[in-house]
Structure formats: C-alpha cells, structure tokens
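Worksheet: the structure to be examined is printed underneath.
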C-alpha cells in the first residue's frame with residue numbers, strides 16, 4: 001500500500017460538474033486496482049484529498065468508474081473520513097438545486113465489483129451506512145449557509161441511461177432520490193472501516209415526475225451553478241467534523257469475516 005507524505009485527514013469524492021479540485025496539487029496514488037489521481041489542498045487547517053470520480057481523458061460513465069481504486073486510494077493516503085457529493089434526481093418533488101443528506105440506500109446496480117473480498121466471505125455491517133458524525137457536520141453546514149435540505153433514502157441504479165417511468169414508480173415507494181454513483185462506494189468504505197457520508201444535490205425531477213425530457217446537460221448545469229455553495233458546505237463540514245472518531249464506522253468489519 002503506497003503512502004503519501006502529507007497527513008491527509010479527509011477525502012472528498014466529487015461527481016458530475018465538480019471542478020473545484022483543478023487548481024490543487026495533483027498526487028498519483030497506485031492501488032491494486034489501478035492508478036488514481038488525488039488533488040491535495042488545505043481547507044480549514046486540514047489537509048484534504050479530492051478525488052474526482054469521472055476524471056480521465058473522457059468523462060468516465062458511472063458504470064465504468066473504478067470505485068475500488070478510488071476507495072483504496074482514500075485508505076492509502078491515510079484519510080479516515082470521506083465526504084461524497086452526488087447528483088440525484090428527486091422522486092419526492094424536491095426543488096432543483098436543493099440538498100439531501102442521505103441516511104440510507106437501496107442498491108439496484110448489477111455489474112459493478114462491490115467488494116474488496118472476492119476470495120473471502122466478509123458480511124460487512126451497513127445498518128448505519130452513512131457516518132452519523134459527518135452527517136451531523138453536513139446538516140450544521142447547510143443550516144449555517146441557510147440552504148434548503150432534507151434527509152432521505154438513495155436508490156442507486158446501474159446507468160448510464162436514465163431510469164424509466166415504471167422504474168421510478170417502483171423505486172419511489174422505497175426511496176426519495178435516485179442516482180448512479182453512490183454504490184458500491186459506500187459499501188467499500190465500510191469494508192475499510194472508513195467514515196463515509198454523502199451530500200446529494202437535486203439536479204432534476206426523476207423520469208415521469210414532469211413532462212420534460214431528462215438531459216445530461218441539466219445535471220451539469222445545476223451542479224455548475226452550485227459549485228460555490230457546495231465548496232462552502234464542504235469547507236464548513238470539514239471544520240465541524242470532530243478530530244477523534246467516536247462513531248461505530250471504525251467497527252464495521254468486526255465480526256464480519258467467516
């Protein structure tokens with residue numbers, strides 16, 4: 001496992017339209033699953049590694065993202081906390097541009113490597129998938145900024161297509177928002193006993209919720225306009241996260257291995 005020299009405390013995983021990392025110092029991280037480029041900076045006195053999910057010569061589609069390499073890279077640089085940003089569609093009529101602090105998820109993905117343990121049986125605990133300490137810090141940051149937010153359940157689909165009306169009708173019975181990148185990221189973080197939480201931004205109403213056609217352009221447009229707000233939320237969250245972990249995330253793998 002390759003370690004970098006910096007004392008990195010927190011990693012930020014950015015999604016579509018997340019461009020705040022571009023002026024940061026780049027650091028290649030070699031993992032058993034491939035190379036990842038992290039971008040290092042200091043926020044509120046803490047060293048942060050930003051890992052853009054879709055970075056590459058071309059935009060990497062959600063079903064081809066190397067989730068294992070990204071999460072292993074977080075572990076490699078010594079970070080114990082992960083703040084994820086995710087673009088989502090609303091199945092509950094949330095206003096476009098508002099935020100959701102995720103509290104649970106449902107996995108509808110099919111073809112993604114979802115564990116580090118292909119040759120062992122590891123039943124990792126996801127009874128509390130999103131770190132309560134980071135979630136508390138996210139809520140405090142949103143309230144400080146006076147931004148509208150709710151909490152809710154995330155449904156993750158395989159992509160890269162948008163969902164059908166029938167799929168949204170089904171998923172809306174169980175979840176509040178839908179996206180394509182939150183799983184298996186959250187599971188992999190648990191397998192490495194990391195603290196992980198997600199700030200989701202509503203970029204559109206899910207299929208069938210309006211009469212308008214869904215487009216990728218509206219997703220990038222909404223996130224692009226919210227860049228400054230997202231950066232301020234993340235900055236305040238980083239400042240508010242306790243230095244010492246007191247949550248159960250660090251015990252997620254205890255008793256999980258057969």
Across the range 186-213, which residue is farthest from residue 109 (Cα to Cα) among those that are in contact with a strand residue (DSSP E or B) (Cβ under 6 Å, 6 or more places away or on another chain) and part of a loop (DSSP other than H, G, I, E, B)?
194
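Here's a check for you: in the range 216-257, which residue that is assigned to a loop (DSSP other than H, G, I, E, B) and touching a strand residue (DSSP E or B) at 6+ places or on another chain (Cβ under 8 Å) is farthest from residue 83 (Cα to Cα)?
Kept after step one, since they are assigned to a loop (DSSP other than H, G, I, E, B), are these residues of the range 216-257: 226, 241-248, 252-256.
Imposing the further condition that a residue be touching a strand residue (DSSP E or B) at 6+ places or on another chain (Cβ under 8 Å) reduces the set to 226, 241, 245, 247, 253, 256.
Details: 226: 17, 241: 11, 245: 14, 247: 15, 253: 20, 256: 24 Å.
Among residues in the range 216-257 that are assigned to a loop (DSSP other than H, G, I, E, B) and touching a strand residue (DSSP E or B) at 6+ places or on another chain (Cβ under 8 Å), the one farthest from residue 83 (Cα to Cα) is 256.
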Yes or no: residue 138 in a loop (DSSP other than H, G, I, E, B) and in contact with a helix residue (DSSP H, G or I) (Cβ under 7 Å, 6 or more places away or on another chain)?
no
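Restricting attention to the range 21-36, which residues are part of a strand (DSSP E or B), touching a helix residue (DSSP H, G or I) at 6+ places or on another chain (Cβ under 9 Å) and surrounded by fewer than 16 Cβ atoms within 10 Å (Cβ to Cβ)? I'd like the intermediate steps shown before the answer.
Restricting attention to the range 21-36, the residues satisfying the condition of being part of a strand (DSSP E or B) are 25-31, 34-36.
With touching a helix residue (DSSP H, G or I) at 6+ places or on another chain (Cβ under 9 Å) added as a condition, the list becomes 29-31, 34-36.
Passing the criteria: 30, 34, 35.
So, in the range 87-111, of the ones that are part of a strand (DSSP E or B) and out of contact with any helix residue (DSSP H, G or I) (no Cβ under 9 Å at 6 or more places or on another chain), which residue ends up surrounded by the most Cβ atoms within 10 Å (Cβ to Cβ)?
Restricting attention to the range 87-111, the residues satisfying the condition of being part of a strand (DSSP E or B) are 87-90, 99-108.
Filter again for out of contact with any helix residue (DSSP H, G or I) (no Cβ under 9 Å at 6 or more places or on another chain), leaving 88, 90, 100, 104.
Working: 88: 30, 90: 23, 100: 25, 104: 17.
In this case the residue turns out to be 88.
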Do we have residue 183 as part of a loop (DSSP other than H, G, I, E, B), modelled with pLDDT of 95 or more and within 19 Å of the chain's Cα centre (by Cα) here?
yes
Could you figure out which of (1) in contact (Cβ under 8 Å) with a residue 60 or more places away in the chain; (2) more than 15 Å from the chain's Cα centre (by Cα); (3) surrounded by fewer than 24 Cβ atoms within 10 Å (Cβ to Cβ) isn't true of residue 143?
(1)
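The values are calculated or read from the model by the stated rules, or taken from the named source; none is laboratory data. Just so it is clear, the structure is predicted and the values come from calculations on it, not from any experiment. No Cβ is skipped: glycine too gets one built from the backbone with ideal geometry, and neighbour counts run over all protein chains shown.
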